[in-house]
Amino acid sequence: MSQIVYDALVIGSGAAGSFAVKELTAQGLSVLLLEAGPAVGPRDFDPARKKAPASSINIWERARATVKGQPIQARAAFFTERFSHFFVNDRKNPYTTPKDAPFLWIRGRQGGGRLHSFGRVLLRWTDEDFKIRSRTGKGVDWPISYDELAPLYDEVETYLGLYGNKDNVPTLPDGVYTNPASLTPAEQVFKQAVEDRWPDRHVVSWRYIAPDAERVPRPLREAQASGRLTIQYDAIVRRITTDEETGRATGAEFIDRNTGKRSTAHAATVVLAASPIESVRLLLNSASAKHPGGLGNSSGALGRYFMDQLPCLAFGSFSKAKGWALDEAAPTDPFYNPSGGIFIPRFGEPDVGRGDFDYQGSIGRSPVPEETDARLAFFGFGRMLPYADNRITLDAQRKDAWNIPVPHIRCVMHEEERALLRLQEETLISLIKEVGGDLEFIGSPMGLKEMGMGAFPEANAFSRFMFRKWFRKTMCMGAAIHETGGARMGETPEDSVLNPFNQLWDAPNLIVTDASAFPGSGVAGTTLTVMALTLRACRNLVDQYRNFTPVGGFEP
């Protein structure tokens, strides 16, 4: 491998990495993909793993995963043993946090990354997310706008074949949908009740992709089919290498996950797409004489302005609808449960309860007897502002199983976030109650509130006790799994790590296209925006690689 110099090296094969290799190989480049975990195939999606949990709390599945080495991963709000092999072993992949500020880092290392375990919901962001400083005077504006990303959103949505509907909601732009999405009868009743009561609140169906029957993500398959992609699985990247004189990226050092053997890969360009915390960790660990504070850290901003969205979780029932229904909008999958649900976007401007948050959930999708009130579940996502003291650093005292320094993660709510999270919870409570719902609990990093019969009234006393005991460790920052920032893009190299095309200011032949590039957290899922940004950044990188220009370019 040391004898080959690839046109491009891509690190990570998830949402960002898979689209990067698709785009770069389509442009005719020779590409090496380094993936820290194993290849994924049909054997990893055994239908026999699809078993109903012993209880709604899922206590024993979480306990078994904890014993096997996944005490952090098992805390994910919707963890199931069926997906346990798509999450890392926490003993081999540790990290640290301040004692008084826990952070839940949910991650997967395998071909396709977290594409095998995320909810497959793909939502557009708007200028309410991209231009938050212009709108509120807080945070920072992105150096790009919705209008610049809209054509790329179109392209990604068309390529993936989204399920969704034209909803004409001002705060959630419509996309390009290949198939319609459905609401259950209970969700239709809920939607009508909410929209009749509040004209500036909208309830829409999820906008999502169905499970891929081929199991390997489509962009990754297409890149492989091009004949221009080489994949090195089980390749844990230790650091990005740079030229001693120019400071440009030259490739990466990596360790074989199984044997411990070290190797070096060489490439003219590098795409870092390892997920926010991991990408920042790699840049920090790639310090050199030319980059003494870490690769790309001349501004001092590397690792800073790290965020996650503000999470809250609520369960209960909806008395205006009974029973449950199976959503058959998408083909039935032998491994995954049916997709679908409801989404309540950021409220319209005239609504007095409007805030920078939204809610994703489901009503009437959990099996219950026909005459029983429909079950409901909601997860709220709120905006977090970027703060310099929320940051990722290296913990020199702790190493992972491959002797690489682990990340130290600090992600703490300020008063702005605490106030917003209180409003986020209070709004959800009042909304559900007003339209005929009953909550059993709602919880967030600010604590657990039980109502009526309390959380999971059908569960046994021990399971309920353990739920309450573990809740604070489960519903802390990181629980939204929408982490952003740490290598943010900006207009100038003095206050950002990347330029508006995701290029490292200090080494412009390296781009970072996962959500570490985000200057703000937004309130919806990050995946669609990551995919769109990756296409945009890769095309710019290829143009500069082929047509060197003295300003902003690099020598190929």
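The values are calculated or read from the model by the stated rules, or taken from the named source; none is laboratory data. Source: prediction; values computed, not measured. Here the Cβ is made from the backbone with ideal geometry for all residues, glycine too, and neighbour counts use every protein chain on show.
A compact table of results
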| quantity | calculated |
| --- | --- |
| Residue within segment 312-333 that is without any contact (Cβ under 8 Å) to a residue 12 or more places away in the chain, surrounded by fewer than 24 Cβ atoms within 10 Å (Cβ to Cβ) and among the polar types (S, T, N, Q) present | yes |
| Odd one out for THR230 among (1) closer than 30 Å to ALA507 by Cα; (2) in the same structural domain as PRO331 (by TED's automatic domain parsing); (3) not small (Gly, Ala, Ser) | (2) |
| Those residues of segment 442-463 which are out of contact with any Phe, Trp or Tyr (no Cβ under 6 Å at 6 or more places or on another chain) and of a type outside the set (Gly, Ala, Ser), in sequence order | ILE442, PRO445, MET446, LYS449, MET451, MET453, PHE456, PRO457, GLU458, ASN460, PHE462 |
| Qualifying residue in segment 23-30 (condition: in a helix (DSSP H, G or I) and over 28 Å from HIS482 (Cβ atoms)) | yes |
| Residue match in segment 66-84 (condition: without any contact (Cβ under 8 Å) to a residue 12 or more places away in the chain and in contact with a helix residue (DSSP H, G or I) (Cβ under 9 Å, 6 or more places away or on another chain)) | yes |
| Among the candidates SER496, SER516, SER521, residue that is closer than 30 Å to LEU172 by Cβ, part of a helix (DSSP H, G or I) and assigned by TED's automatic domain parsing to the domain that holds ILE277 | SER516 |
| Segment 347-375: number of residues that are within 22 Å of the chain's Cα centre (by Cα) and either outside any loop (DSSP other than H, G, I, E, B) or surrounded by fewer than 22 Cβ atoms within 10 Å (Cβ to Cβ) (or both) | 7 |
| Among the residues listed as GLY316, GLY293, the single one being in contact with an Asp or Glu (Cβ under 6 Å, 6 or more places away or on another chain), modelled with pLDDT of 95 or more and not basic (Lys, Arg) | GLY316 |
| Selected residue (only one of LEU183, LEU220 is farther than 30 Å from LEU376 by Cβ and either buried (at least 22 other Cβ atoms within 10 Å of the Cβ) or in contact with an Asp or Glu (Cβ under 8 Å, 6 or more places away or on another chain) (or both)) | LEU220 |
| Residues located in segment 153-166, provided they are surrounded by fewer than 19 Cβ atoms within 10 Å (Cβ to Cβ), within 24 Å of the chain's Cα centre (by Cα) and under 27 Å from ALA321 (Cβ atoms) | ASN165 |
| Test result for PRO386, under 19 Å from the mean Cα position of the chain (by Cα), surrounded by fewer than 23 Cβ atoms within 10 Å (Cβ to Cβ) and either modelled with pLDDT of 95 or more or not assigned by TED's automatic domain parsing to the domain that holds GLY525 (or both) | yes |
| Filter result for ARG82 (surrounded by fewer than 20 Cβ atoms within 10 Å (Cβ to Cβ) and not assigned by TED's automatic domain parsing to the domain that holds PHE254) | no |
| Residue check, ASP196 surrounded by 15 or more Cβ atoms within 10 Å (Cβ to Cβ) and either of a type outside the set (Gly, Ala, Ser) or in contact with an Asp or Glu (Cβ under 7 Å, 6 or more places away or on another chain) (or both) | no |
| Segment 289-311, subset more than 23 Å from ILE11 (Cα to Cα) and of a type in the set (S, T, N, Q), residue surrounded by the fewest Cβ atoms within 10 Å (Cβ to Cβ) | SER299 |
| Subset of segment 79-131 that is at pLDDT below 95 and part of a helix (DSSP H, G or I) - its residue that is nearest to ARG215 (Cα to Cα) | PHE83 |
| Selected residue [of a type in the set (Phe, Trp, Tyr), surrounded by fewer than 24 Cβ atoms within 10 Å (Cβ to Cβ) and assigned to a loop (DSSP other than H, G, I, E, B)] from PHE471, PHE441, PHE501 | PHE501 |
